[in-house]
Structures are given as C-alpha cells and as structure tokens.
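Heads up, the thing below is written out as structure tokens.
The values are calculated or read from the model by the stated rules, or taken from the named source; none is laboratory data. Note that the structure is predicted; figures quoted are calculated from it, not measured. Using ideal geometry, Cβ is built from the backbone for each residue, glycine included, and neighbour counts are taken over all protein chains shown.
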Amino acid sequence: MQYTTDMNEGVHAETVTMLGANGDRINAFLAHPLGEGKFPAMVLAHHMPGWDLLYREFAYKFAHRGYVTISPNMYFRAGHGTPEDVAAKVRAEGGVSDASAVGDLAGAANYLNTLPYVNGRIGIFGTCSGGRHAFLAACRTTNFNAAIDCWGGRVVMTPDQLNEKTPVSPLDLTKDLSCPLLGIFGNDDTSPTPEQVNQHEAELKKLNKTYEFHRYDGAGHGFFYYNRPAYRQAQAMDGWEKVFAFCEKYLPGG
Amino acid sequence: MCTMIVEKVKIDGCGKGASGWFNLEQANVSYDHPFNAPMEHALNIDFVNASQGPSARVAVELSESAARELVKTILAVLDQAEAGGHLENKISAGI
C-alpha cells in the first residue's frame with residue numbers, strides 16, 4: 001500500500017519467547033502493524049553477523065509495509081552478549097546446524113499462526129547465511145507461502161563441504177521447494193558465485209518451480225547493508241522493490 | 001556463515017576485553033565476514049575464554065596482507081627472544 005501523509009499508522013515491537021528447534025524456548029523480535037483486521041506475516045532468518053540491529057530494522061521495515069514480522073534468535077543457544085560476541089562464538093563453532101536453523105524458522109511460523117491478527121499467509125526472508133536458511137526452510141517444511149533468498153552462499157555445496165551440521169547440499173533439496181522463491185544476487189559476489197546462482201536457477205527450471213532471480217551488476221555480497229562498504233544504493237533500492245512486489249503477489253493483504 | 005573457514009587453537013595468556021583483563025584459553029581464527037573491518041572477508045582472530053561467556057573476547061579483523069605480516073613479525077620477535085635466552089615456557093598461574 002502506498003503511504004500517504006494522511007494515514008494513521010503504527011508498529012508495535014518487542015522481544016517475545018517462542019518454541020524453536022527441539023522445542024527449545026528461544027527469544028525472538030516481533031514487530032507488527034497496528035490497526036484492524038488480519039495481516040500477512042514474515043519470518044526473518046538473520047545473517048551470519050548475528051541477531052543484530054540490522055535485523056530489527058528489517059523487522060520494522062516489513063511491519064511498516066503491513067507484515068507481522070518475527071525474527072527468531074537462531075544463536076540463542078550460544079549464550080548471551082552483544083550480537084557480535086555471540087555471533088563470533090557461533091562462527092568458531094562452525095555455524096548453527098541446518099536442522100537447528102530450520103527448526104527455529106518453522107517454530108517462528110508456528111508462533112505467527114497463533115496470533116489472532118495473522119491472516120495465515122507467511123513468507124520467509126533472509127540474507128547471507130539467512131538466505132540459505134530461508135531456502136532450506138522452504139524446502140524442508142511447508143510452513144511458507146513465499147521465500148526470499150538474498151545472496152545465500154553455500155546453497156550449492158560440494159561433497160567435501162558437507163558435514164554433520166550441513167549434511168545435504170540445499171541444491172539437492174530444490175525438488176522439495178514448497179513455495180515460490182525470489183532470489184536477489186550480486187554479480188560480483190564470491191559466495192554465491194554467478195556460476196552457482198546459474199546452477200541453482202537451472203535446477204529450479206528443470207523442476208518447474210515458481211521462482212524469479214534478479215542479478216545485479218556492480219554489486220557483491222550484502223549490498224542492502226547500508227552500514228557496510230558493500231552497500232550499493234541503486235541496486236539495493238531496486239532489490240527492495242523486487243522484494244516487496246514479490247510479497248504483495250504471494251502474501252496478499254499487506 | 002559464508003566461508004566456514006575456521007580453526008581453533010588452545011592458548012594461554014591474557015587478553016583485555018570490554019570488562020578488563022581475563023585469562024585466555026582459546027584463539028579462534030577464521031577467514032569470513034568481519035563485523036567491522038571494511039572488507040567482505042577478513043582474517044579474524046577471537047581470543048576467548050568460553051567459560052566466561054561470549055563477551056570474554058578480544059577481537060581483531062585483519063586484511064590478508066596484514067595477517068601475513070603479523071605472523072612473520074611474531075615469529076621474528078620470538079626468534080630474537082629465543083636467541084637472547086629470554087623465552088619462558090608458561091605464563092605464571094593466577095593472573
């Protein structure tokens with residue numbers, strides 16, 4: 001919905017507790033638009049640098065656009081501290097397992113479905129490792145009506161990269177993708193490389209999946225991050241437009 | 001995590017973090033996204049003491065060239081110290 005200055009608007013945001021993977025109680029950031037009626041919803045899969053301020057801002061951004069938005073703390077089990085300190089600990093441990101991430105994201109969707117103001121249409125969005133986790137959750141579960149993968153690396157994995165935490169290359173799960181997929185990528189990225197993006201797209205096409213991929217010249221990894229040198233203004237603005245157009249198409253009511 | 005390149009090594013020594021000095025028990029060395037350095041990937045070293053929680057951390061994020069120079073410099077300093085007969089095997093307990 002186009003914002004006009006005569007609108008009354010509001011967003012309520014707070015930390016909540018939800019059930020994640022294995023029934024663990026974890027915390028999450030919930031932001032929802034005020035107003036009557038029911039809204040579509042979004043789950044945000046935070047990036048490798050952690051459950052940080054940027055993901056709170058993304059939550060506000062989606063809520064402002066009319067989506068009840070939750071961002072689970074997928075690093076909850078590593079303990080508490082600044083987002084950087086916690087993320088550094090997780091980095092040293094080789095990241096969270098795919099099973100843990102998917103469990104937390106599915107749990108976030110389940111939480112949203114308990115809210116009386118959610119209309120039942122739920123999307124998932126993630127950047128960096130969160131983009132990969134968003135794709136995984138859309139393949140491993142049927143909780144989502146739309147998935148958005150922004151430059152998720154290691155979707156295409158070689159056998160030597162597989163381990164106990166990441167036992168399957170997400171590419172091999174494409175057959176199980178349960179909703180439309182939007183992919184946003186920078187052509188200067190090294191993870192995923194343009195060749196890996198092409199490989200993923202070929203698999204989606206072969207399996208007749210509903211998807212749209214957008215590739216940007218002059219952009220690398222993380223080009224939405226206004227607080228990093230990777231930020232690319234024009235590409236980021238266009239990318240966000242693609243994100244919200246995709247949401248309006250597959251998550252109506254926002 | 002995007003590169004997932006990380007190695008851990010047990011160490012002893014002390015580090016000064018946000019809350020002052022603490023005993024170090026491990027260094028985590030990764031080549032992955034830094035939190036602050038203006039690079040897509042950096043050589044990150046976290047000197048930590050896991051028993052004191054995630055905040056017991058001294059962090060550095062280095063460019064590849066800086067990291068290589070640092071390694072050479074550390075080794076050069078240790079060689080000089082060894083040549084001068086100054087090396088000690090262990091840090092004193094109880095710091």
Please go through (1) farther than 24 Å from A:HIS221 by Cβ; (2) at pLDDT below 95 for B:PRO38 and return the number of the only condition it doesn't satisfy.
(1)
Counted residues in the range A:88-126 being away from chain B (no Cβ under 14 Å) and part of a loop (DSSP other than H, G, I, E, B) come to 4
Taking the range A:148-169 on its own, how many of its residues are touching a residue at least 40 places away in the same chain (Cβ under 8 Å) and closer than 23 Å to A:PHE58 by Cβ?
6
Scan the range A:193-211 and tell me whether some residue there is within 14 Å of another protein chain (Cβ to nearest Cβ), on the phi < 0 side of the Ramachandran plot and not hydrophobic (A, V, I, L, M, F, W, C).
yes
Could we say that A:ALA59 is part of a helix (DSSP H, G or I) and either crowded, with 20+ Cβ neighbours inside 10 Å or within 14 Å of chain B (Cβ to nearest Cβ) (or both) here?
yes
Considering the range A:212-243 alone, what residues qualify as being in a strand (DSSP E or B) and either within 13 Å of chain B (Cβ to nearest Cβ) or among the aromatic types (Phe, Trp, Tyr) (or both)?
A:PHE213, A:TYR216
Checked the range A:69-87 for anything crowded, with 24+ Cβ neighbours inside 10 Å and farther than 20 Å from B:HIS33 by Cα; matches are A:THR69, A:ILE70, A:SER71, A:PRO72
Assess whether B:SER55 counts as being surrounded by 12 or more Cβ atoms within 10 Å (Cβ to Cβ), in contact with a Gly (Cβ under 9 Å, 6 or more places away or on another chain) and either not β-branched (Val, Ile, Thr) or not in a strand (DSSP E or B) (or both).
yes
What residue, among those in the range A:161-192 that are part of a helix (DSSP H, G or I) and modelled with pLDDT of 95 or more, is nearest to the other protein chains (Cβ to nearest Cβ)?
A:PRO170
Which listed residue, of B:GLU82, B:GLU7, is exposed (fewer than 15 other Cβ atoms within 10 Å of the Cβ) and either assigned to a strand (DSSP E or B) or of a type in the set (Phe, Trp, Tyr) (or both)
B:GLU7
